[in-house]
Amino acid sequence: MFQKTQMTPNELLSAMGTLAVPDALALRARLHPDRILFTFLDDDGAEAGHLTYRDAWRRARGVADHLERITAAGDRIMLFFPQGLDFIVAFLGCLMAGRIAVPVNLPTRRRVERCAGIIADSGAGVALAPAGQIGGLADCFTGTGAETLAWVGADTLPPADGGPADDALVPAADPGAVAFLQYTSGSTSAPKGVMVTHGNLTANLRMMRDSWELDHTTDMVFWQPHHHDMGLILGQLLPVVLGNRSVLMAPNTFVRRPALWLEAISRYRATLAGGPNFAYALAVERYSEERLAALDLSCWTVALNGADVVRPATLARFAALHEKHGFRSDSFLPCYGLAEATLFVSGGPVRRPTRITTVDVRRMEADRRIEPPATPEGARALAGCGEPSWEVEVVIADPVTGRPCGPGEVGEICLSGPSVAAGYWRNPEATEKTFRARLDGRPGKGFLRTGDLGFLGPEDRQLYIGGRLKDVIICDGRNLHPEDIEYSILEACEGTRPQSCAVFSHDTAGPGGNGQRQEIVAAIEVDRSIKRRLADDGKRFQAAIRASVAEEHGIAIGRILFVPPTAMRKTTSGKIQRSLMRQLYLSGTLEVISGTLEVIAP
């Protein structure tokens, strides 16, 4: 019990690696109450709000007090918030009260079904939201079965008085209790909630702190969505443990004006910032010499690149462009993680050049072997995604037999460690399959199957990602399931049938042949009636598809193909064979309706 110890402030700070997030916040609110914890920037990059450590504790404690009056321990609480400081206050309030937070994206017209599914799956009875938006949010769920939610305007709840009292400094959170549910993409009708415990969070935050050599001086800038693991855990929970300052902005702000991200890093002298690979590519594409003439990135020593395929060419272009602004290429820190492991798995060491290995991609894809390329055409450069944390056991295993792979072999990345989540909420079958895998030579020990293919460098311990075991598409910093995109497409195309669309991705040359970019392709099966309508109104079909996918998933379809029923490859049970469709497309043998092959997004 901290209030009875004779520990110095520095000794107390060193204990943060063993404290749950709400306990760490209480301690920091006592040690340095007036230090700024969060700053939120508006769409123009101006400061729109601040939270000190004391303010964060008082407001979160006010939310917790209210939840304790109207709910029971372990109840699930939906969080519906736009980007901003109100969300993190509500999230921390749930953790303080021992309630299970369920953060989700705001339910636009096409997200309502998914949100309603999450409400039903989690069994949530209460939702926190800004008071001024409750009416519109409640109306969204009319007729979905989620009308019984009790809505609470979290921004109107009074904060607790003063600061944390002595009894708030006693560690109270149960490490084994579920802190929040991180819902994965899953299928549209059956999303799965990853059960992240307080102990998982504590371990993962400690792992990032130690692997990246972070402390209270490593201020950060982040723009990722607050309801996704990267934005939530990295941008909003890690600072609580570190005792630093986190400057936040909305994803749309970054996408519209990526220069604001770089300007914020420079202005606030941030040490830690980053995002998926596309963030660096976008910053290069939208670069303005005139606007960024005074940019100083010499402070940026930990430039994370994760949640997407790390492309060496993108790193090289960004470093070359921003070298004149003080950016150093050894600041890049490719990393790897996933929601089922809370977030972080590998990354680092810091301040070392990114490890690049060139492999024969054909041999890797066909035989899962790592060998030097036989021809220049078969060469693929892979960036190492860092060394696994010392707290994580990583085994590369044959995805069918569970046999650990030998040197030079590609296999499924399997994990064990304190940050591996407890499983999927109310889904014991999926939990057993994904979180309790048995590997040869590891009796009695369960491993998390990540679904990612990779290998460990024999000399550098770097984790290299070699592809996806399943059909998941990594795009714009997210793991997208093709079936979700296909669902949106079929909903937008009147008259199409289920299992009549295949979505897949591939690498293609960038504009002007400069580097590579990822292209997402949609192949849509059409019958005679739809084919006749395409001849008259094909542009409307395409516009509806693109609008639906952009609105629902925030991505652009690179190419739309309309194919006859004979061209759509399916299993005997009627499931789409996406890998085979991709192979046919890349080989030029996929049968398409005349005139559709060259339809490319602007």
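The values are calculated or read from the model by the stated rules, or taken from the named source; none is laboratory data. Model, not experiment: these values are computed from the prediction. Heads up, the Cβs are rebuilt from the backbone with ideal geometry, glycines too, and the neighbour counts pull from every protein chain shown. With ligands, DNA and RNA removed, areas are computed over all heavy atoms of the protein, side chains included. Shrake-Rupley method; radii C 1.70, N 1.55, O 1.52, S 1.80 Å.
Among residues of the range 276-287 that are over 21 Å from P225 (Cα atoms) and open to solvent by 10 Å² or more (accessible area, probe 1.4 Å), none has a beta-carbon under 6 Å from a residue that is β-branched (V, I, T) and assigned to a helix (DSSP H, G or I) at least six positions away or on a different chain.
If only residues of the range 53-112 that are over 19 Å from A146 (Cβ atoms), under 21 Å from the mean Cα position of the chain (by Cα) and aliphatic (A, V, I, L, M) are counted, the one that is surrounded by the most Cβ atoms within 10 Å (Cβ to Cβ) is I88.
Candidates in the range 142-161 are the residues that are among the small types (G, A, S) and under 30 Å from the mean Cα position of the chain (by Cα); of these, the one that is most open to solvent (accessible area, probe 1.4 Å) is G145. Residues in the range 393-423 that are under 20 Å from F344 (Cβ atoms) and either open to solvent by less than 20 Å² (accessible area, probe 1.4 Å) or part of a strand (DSSP E or B) (or both): E393, V394, V395, I396, E412, I413, C414, L415, S416, S419, A421, G423. Among the candidates P239, P251, P225, which residue alone is touching a residue at least 60 places away in the same chain (Cβ under 8 Å) and crowded, with 24+ Cβ neighbours inside 10 Å? Checking each option against the conditions leaves just P239.
One residue alone among A294, A303, A283 is of a type in the set (G, A, S), outside any loop (DSSP other than H, G, I, E, B) and over 18 Å from the mean Cα position of the chain (by Cα), and that residue is A283. Give the range 55-93 a look and list any residue that's over 18 Å from Q182 (Cβ atoms) and not in a helix (DSSP H, G or I), or say none. Correct list: T71, A72, A73, P82, G84. On the basis of being among the aromatic types (F, W, Y), closer than 30 Å to G275 by Cβ and buried (at least 16 other Cβ atoms within 10 Å of the Cβ), does W390 make the cut? The answer is no for W390. Total residues in the range 200-213 satisfying the condition of being assigned to a loop (DSSP other than H, G, I, E, B) and either at pLDDT below 95 or open to solvent by 20 Å² or more (accessible area, probe 1.4 Å) (or both): the figure is 1.
Looking at G275, G326, can you tell me which residue is small (G, A, S) and more than 23 Å from H50 (Cα to Cα)? Talk me through it step by step, then tell me what you get.
Details: G275 fails: more than 23 Å from H50 (Cα to Cα).
It is G326.
Checked against (1) among the acidic types (D, E); (2) crowded, with 17+ Cβ neighbours inside 10 Å; (3) modelled with pLDDT under 90, D367 passes all but condition (2). Across the range 261-275, the number of residues qualifying as on the phi < 0 side of the Ramachandran plot and open to solvent by 10 Å² or more (accessible area, probe 1.4 Å) comes to 5.
Within the range 47-60, residues that are closer than 12 Å to S246 by Cβ sit with their Cβ atoms under 6 Å from residues that are in a helix (DSSP H, G or I), at 6+ positions apart or across chains, in these pairs: L51/L85; Y53/R28; Y53/A29. Among (1) modelled with pLDDT under 95; (2) open to solvent by 20 Å² or more (accessible area, probe 1.4 Å); (3) not small (G, A, S), there is one condition R426 misses while meeting the rest; what is its number? Only one criterion is unmet by R426, namely (1).
Scanning the range 575-602 for residues that are at pLDDT 85 or above and either open to solvent by less than 70 Å² (accessible area, probe 1.4 Å) or touching a Gly at 6+ places or on another chain (Cβ under 8 Å) (or both) gives M581, L584, Y585, G588, L590, V592.
Residues in the range 336-347: is at least one open to solvent by 30 Å² or more (accessible area, probe 1.4 Å) and in contact with a His (Cβ under 9 Å, 6 or more places away or on another chain)? Scanning the range 336-347, I find no residue that is open to solvent by 30 Å² or more (accessible area, probe 1.4 Å) and in contact with a His (Cβ under 9 Å, 6 or more places away or on another chain), so the answer is no. Could you tell me which residue of the range 1-35 is modelled with the highest pLDDT, considering only residues that are open to solvent by 80 Å² or more (accessible area, probe 1.4 Å) and under 20 Å from L95 (Cα atoms)? Restricting to residues being open to solvent by 80 Å² or more (accessible area, probe 1.4 Å) and under 20 Å from L95 (Cα atoms), the top hit is R30.
What do you reckon, is M249 at pLDDT 95 or above and touching a Leu at 6+ places or on another chain (Cβ under 8 Å)?
On the way: at pLDDT 95 or above: yes; touching a Leu at 6+ places or on another chain (Cβ under 8 Å): yes.
It is true that M249 is at pLDDT 95 or above and touching a Leu at 6+ places or on another chain (Cβ under 8 Å).
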